[in-house]
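What follows is calculated from the coordinates using simple rules that are stated; it is not laboratory data. What you are looking at is a predicted structure, and each value in this text was computed from that prediction instead of being measured.
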Amino acid sequence: MDHKYKLLIFDWDGTLSDSVSRITHCIQVAAKEHNQAIPSFDEAANIIGLGLNEAVSRLFPEANSQLVSDITNSYSVYYRQKDAGPPDFFPYVLDTLNQLKQSGYLLAVATGKSRAGLNRAFKASNIDDLFHDSRCADETASKPNPLMLEELLNKFALEENQALMVGDTEYDMDMAEKINMPRLAVSYGAHHADRLTIYNPIACIDCFSNIKKHI
């Protein structure tokens, strides 16, 4: 079957995995441990999608490199404690992904998670073989730098218009826009739809399965 998009690239947290509350809580606990002002839910959710070091540096701009390292390490410890079981996927995510793969789409993940964190999620949910490739923030440039998208395009020898980036944050939309890659926003994740639509996505969907209407 000849698809408009050959490669579908998905953000993880807030797009596939319903993990926003878990992430924000762990950020708040880590901040408290190191006697920093505890960010609100919205402030913590705002940095979801960035690499961890970039996220902590943005949340705590007065922190020196040692404090940033200490907060990120504490966050990682707390998150791993809550990350023992399989991810909580949004409704219809797994069924839809399996349908897309069976229909011949290439599937990839582009995430601010670490490689270790994404691999844990893959293993815990038994979906190691669902995606054809993935890129994590600790092995390439963090969003909104589009390097991870460019690396995926190179891997599959595709042009920008042959891929679609699907995400819930302005960082997802921004990095795709930077290289003129089509993008699809989801409204149920970390950032409000108003922040996503300014990047001119092909649509903004409120249920993951609605992706099938736009590809």
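Just a few scattered comments:
- Here the convex hull built on the C-alpha positions of segment 20-82 has a volume of 70 cubic angstrom per residue.
- Estimated [θ] at 222 nm from DSSP helical runs (n ≥ 4, -39500 (n - 2.57)) normalised by residues in the chain, nearest 500: -12500 deg cm²/dmol
- Inter-centroid distance (Cα atoms) of segment 28-66 relative to segment 136-215, Å: 24 Å
- Computed from phi, the 3J(HN,Hα) profile of segment 170-180 under the Karplus parametrisation 6.51, -1.76, 1.60 (θ = phi - 60°) reads 5, 5, 5, 5, 5, 5, 5, 4, 4, 10, 6 Hz, with x in place of Gly and Pro.
- Each listed q (0.12, 0.14, 0.18 Å⁻¹) maps to a log10 I(q)/I(0) for the chain, found by the Debye formula over equal Cα scatterers with no solvent: -0.59, -0.80, -1.32.
- Secondary structure note: in the chain, about 5% of the DSSP beta bridges are antiparallel.
- Extension gain for the segment residue 88 to residue 188, taken as residue separation times 0.36 nm less the Cα-Cα distance, is 34.6 nm to one decimal.
- The shape of segment 71-146 comes out oblate: with a ≥ b ≥ c from the C-alpha gyration tensor, a/c is at least 1.5 while a/b does not beat b/c.
- Taking Cα atoms only, the orientation of helix 115-125 departs from the longest principal axis of the chain by about 70 degrees.
- Relative to the dominant Cα principal axis of the chain, helix 20-33 is inclined by about 20°.
- As an equivalent ellipsoid, segment 1-120 spans semi-axes of 32, 14, 12 angstrom, where each value is the square root of five times an eigenvalue of the C-alpha gyration tensor, largest first.
- Reachable aspartates and glutamates, given that their alpha-carbon falls under 14 Å from the alpha-carbon of residue 143 and they are not under 8 places away in the same chain: 11, 13, 54, 151, 168, 170, 172, 174, 177
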